[in-house]
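**Student:** Sharing a structure, written as structure tokens. Questions coming.
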Amino acid sequence: MNAIETEKLGKEYRIGFWRKRICVLSQLDLTVHEGEVFGYLGPNGAGKTTTLKLLTGLLRPTSGKAKVLGRPPGDVVMQQQVGFLPEQPSFYEYLTGRELLNFYGQLVGLDRPTRREQIEGLARQLRIESALDLQLRKYSKGMLQRLGLAQALLNDPRLVLLDEPMSGLDPIGRWEVRDLLLRLKSEGRTVFFSSHIIPDVEMVCDRVGILVGGRLVAQGPIDDILGAQIASIEVTASQVPPEVMAELGYLLVTQSVPRGERLLLTVKDEAALAELLTRLLDCKATIHAIAPHRESLEEYFIRYVQPRETP
Ligand SMILES: Nc1ncnc2c1ncn2[C@@H]1O[C@H](COP(=O)(O)OP(=O)(O)O)[C@@H](O)[C@H]1O
Ligand SMILES: [Mg+2]
């Protein structure tokens, strides 16, 4: 069984006096396998939050259907096994962290000893132990995000749905959340999280889905999406005579970039590399490094997203 499966899932909103229809999610076929970390990547406004709301049953689809842990979204049995971190959790700020978690623990039906154990354990894992008895208005953005994560994990969920869990965190906080996601996976849970921050997704995900303008433009392991193709090859060299450099210009993808004493030369393929190396050796230049450069998720993303966003 897949953890999440959607079939031609779509959402339209009606806006304004004329109830004009706008489509924010179209024909979404998403598959998330059990036990994997799946990154749902897309620029702002792509429809990520809408998707998560459809999966949790907070919104109803206009078309298509979804199954979460084999059940319809919002189903009681499904909810018992799913943890959810909304995009902007808003908590009553005069509660303490412990009071808030206790309240949620009661909502999901945990008895008092289990609540206590879960709250202590999660607070330790998420490093908010010392803040548990502080009022939420004294929490920093990072601490609130961690408290939100603790809330999402209280019911020991099989599937965790997180909407932008790294947003608003500093680099250390983001690193900690990435670490947490991997730990959840090692405990056998499935993690589905949305993000618009590419490196966060690239580092921890088994598979990713890329959503642009309400459409899933790619889905699969990052390596498959990017292909194993080499986009370019970088050669670091020094002591290249300027007249040779001028002659070699036509081989290079970009201009040569000085790096201190050295030059960074980028060629497009192996044929160009062979020619460049021959010429460099002929003129007794020193070659320090040759590095193949694969397209990154970031380059892919920008290539895909930009032409569509600029009308
Ligand atoms: N209640 C609503 N009514 C009309 N449009 C909405 C509503 N909620 C979201 N949208 C629009 O749907 C699109 C997708 O939003 P969202 O799912 O929040 O994207 P993301 O989370 O990827 O940034 C956006 O263009 C947003 O303005
Ligand atoms: Mg969002």
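**Student:** Do the conditions hold for E7, that is, is it surrounded by fewer than 21 Cβ atoms within 10 Å (Cβ to Cβ), within 12 Å of ligand 1 (Cβ to nearest atom) and in a strand (DSSP E or B)?
**Tutor:** no
**Student:** Just a yes or no: is a residue in the stretch 139-157 crowded, with 20+ Cβ neighbours inside 10 Å, among the basic types (K, R), outside any strand (DSSP E or B) and more than 16 Å from ligand 1 (Cβ to nearest atom)?
**Tutor:** yes
**Student:** Return the residue satisfying two criteria in turn: it lies in the stretch 15-64 and is under 22 Å from R158 (Cα atoms) and more than 20 Å from the chain's Cα centre (by Cα), and of such residues it is farthest from ligand 2 (Cβ to nearest atom).
**Tutor:** G57
**Student:** Tell me which of these K284 doesn't satisfy, since it passes every other one: (1) more than 26 Å from P199 (Cβ to Cβ); (2) basic (K, R); (3) part of a helix (DSSP H, G or I).
**Tutor:** (3)
**Student:** Next up: Looking at the stretch 76-91 only, could you name the residues that are buried (at least 16 other Cβ atoms within 10 Å of the Cβ) and free of Cβ contacts under 8 Å to residues at least 60 places away in the same chain?
**Tutor:** M78, Q79, F91, listed by residue number.
**Student:** Got a sec? Which of G74, G57 is in contact with a Ser or Thr (Cβ under 9 Å, 6 or more places away or on another chain) and small (G, A, S)?
**Tutor:** G74
**Student:** Right, something else. What number of residues within the stretch 27-36 satisfy the criterion of being more than 16 Å from ligand 1 (Cβ to nearest atom) and out of contact with any helix residue (DSSP H, G or I) (no Cβ under 9 Å at 6 or more places or on another chain)?
**Tutor:** The total comes to 5.
**Student:** Please pick out the residue among D170, D206 that is without any contact (Cβ under 8 Å) to a residue 40 or more places away in the chain, of a type in the set (D, E) and either over 15 Å from V37 (Cβ atoms) or surrounded by fewer than 19 Cβ atoms within 10 Å (Cβ to Cβ) (or both).
**Tutor:** D170
**Student:** Also, quick follow-up: So in the stretch 173-203, with the set limited to residues that are in a loop (DSSP other than H, G, I, E, B) and within 16 Å of ligand 1 (Cβ to nearest atom), which one is surrounded by the most Cβ atoms within 10 Å (Cβ to Cβ)?
**Tutor:** Only one residue fits best here, namely H196.
**Student:** Just for the stretch 37-56: of the residues that are more than 6 Å from ligand 1 (Cβ to nearest atom) and not aliphatic (A, V, I, L, M), which one is surrounded by the most Cβ atoms within 10 Å (Cβ to Cβ)?
**Tutor:** T51
**Student:** Looking at L161, L216, L169, which is the one that is within 29 Å of N44 (Cβ to Cβ), touching a Gly at 6+ places or on another chain (Cβ under 6 Å), aliphatic (A, V, I, L, M) and within 16 Å of ligand 1 (Cβ to nearest atom)?
**Tutor:** Answer to the check: L216.
**Student:** For the stretch 93-108, which positions are within 12 Å of L147 (Cβ to Cβ) and assigned to a loop (DSSP other than H, G, I, E, B)?
**Tutor:** Hits for the stretch 93-108 are E93, L95.
Bear in mind that the values in this text are calculations on the coordinates, not laboratory data. Everything numeric in this text was worked out from a predicted model, so none of it was measured. With ideal geometry, Cβ positions are generated from the backbone for all residues, glycine too; neighbour counts draw on all protein chains shown.
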